[in-house]
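Report on the structure given below.
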Amino acid sequence: EKTIATTLQGLNVIKEQGKGLMSFVESYRKLTRIPKPEMKSFKITDLYSRVKILSDSLEKGENIKINFNMEDPVFEIFADENLISLILINLIKNAVEANEKNPDCKINIYAGSDPSGRPEICVTDNGPGISRENLEEIFIPFFTTREKGSGIGLSISRQIMGAHGGTLKVRSIPYKETVFCMNFLR
């Protein structure tokens with residue numbers, strides 16, 4: 001009887017774990033269903049205005065300076081402004097969190113053209129950087145190096161850029177600079 005009771009208890013635990021896993025997978029599926037981008041041209045100045053308001057609400061220390069720059073004041077991008085603002089806020093939030101112990105943090109957002117003439121928006125910071133072994137891992141869902149990180153933001157950001165036909169790339173030189181660039185088709 002004891003063996004049967006233990007077996008039943010074990011089966012119930014497996015059943016509950018299975019339900020929990022199914023719930024988790026369904027939540028992840030809902031989270032990662034990226035809506036089809038509603039493409040239109042918009043000015044970077046409008047995007048910056050929106051993102052500045054949102055980034056001002058981030059918890060950041062006095063040592064963190066965020067600068068918004070652009071190649072041309074009438075620079076425009078053809079994309080979904082709402083989705084691009086989500087990516088930009090995520091990148092800024094990540095930079096702020098990565099630099100919480102940096103006594104002289106500078107986060108620069110730059111919009112312009114890449115060397116091939118395509119539009120790009122880059123977020124650069126002068127923080128601790130990302131190790132070489134983590135550079136590609138950071139885009140894998142649920143991979144995080146932060147205690148309270150979910151590991152979802154960069155994965156979804158890359159998916160959104162893919163839905164735009166663009167890319168999200170990163171390069172990092174630890175303790176010098178980390179640069180995330182959103183590159184667009186046109």
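Here are a few things to note about the model shown:
- Put the Cα centre of the range 118-134 next to the Cα centre of the range 33-66 and the gap is 17 Å.
- Shown here for the range 115-186: GluC sites (Glu not before Pro) in loop regions (DSSP other than H, G, I, E, B) with at most 14 other Cβ atoms within 10 Å, namely Glu136, Glu147.
- Whole-Hz ³J(HN,Hα) from phi, Karplus 6.51 cos²θ - 1.76 cosθ + 1.60, for the range 51-56, glycine and proline x: 5, 4, 4, 5, 6, 5
- Solvent-accessible area of Leu86 with every protein chain in place, 1.4 Å probe, in Å² to the nearest 10: 110
- Counting only lysines at least 8 places from Lys15 when in the same chain, those with an alpha carbon closer than 21 Å to its own are Lys2.
- Here each label is just a point 7 Å from Cα along the line to Cβ, and for Glu76 and Thr7 those points are 7.2 nm apart.
- Couplings for the range 169-186, taken from phi via the Karplus curve 6.51 cos²θ - 1.76 cosθ + 1.60 with θ = phi - 60°, read 10, 9, 9, 8, 10, x, 6, 10, 7, 10, 10, 10, 10, 9, 10, 10, 5, 8 Hz in order; Gly and Pro are left as x.
- For a label point 7 Å along the Cα-to-beta-carbon line of Glu100, residues of the range 149-186 with backbone N under 16 Å: 149-151
- A 1.4 Å probe, protein heavy atoms only, puts the accessible area of Tyr110 near 90 Å².
- Dividing the summed helix terms, -39500 (n - 2.57) for each DSSP H run of n ≥ 4, by the number of residues in the chain produces a 222 nm estimate of -13500 deg cm²/dmol to the nearest 500.
- Relative to its residue count, the chain spans a Cα convex hull of 150 Å³ per residue.
- Rg over Rh, two decimals, the range 106-178 (C-alpha only, Kirkwood Rh): 0.98
- By the rule of a C-alpha distance below 18 Å, with chain neighbours fewer than 8 residues away ignored, the lysines paired with Lys101 are Lys60, Lys65, Lys93, Lys148, Lys176.
- Among Thr178, Thr145, the order of accessible area from largest down is Thr145, Thr178, computed with a 1.4 Å probe on protein heavy atoms.
- Simple point charges give the picture: +1 on the Cβ of Lys and Arg, -1 on the Cβ of Asp and Glu, and for the chain a dipole about the Cα centre of about 440 debye.
- Anisotropy class of the range 65-111 from Cα gyration tensor, a/c 1.5 cut: oblate
- Inter-site label distance for Lys15 and Asn67 at 7 Å from Cα along Cβ, in nm: 6.3
- Euclidean distance between Cα centres, the range 84-116 to the range 137-186, Å: 11
The values are calculated or read from the model by the stated rules, or taken from the named source; none is laboratory data. No experiment lies behind these values; they were computed from the predicted model shown. Here Cβ is always computed from backbone atoms with ideal geometry, including for glycine, and neighbour counts include all displayed protein chains. All accessible areas refer to the heavy atoms of the entire protein, side chains included, with ligands and DNA or RNA removed. Shrake-Rupley method; radii C 1.70, N 1.55, O 1.52, S 1.80 Å.
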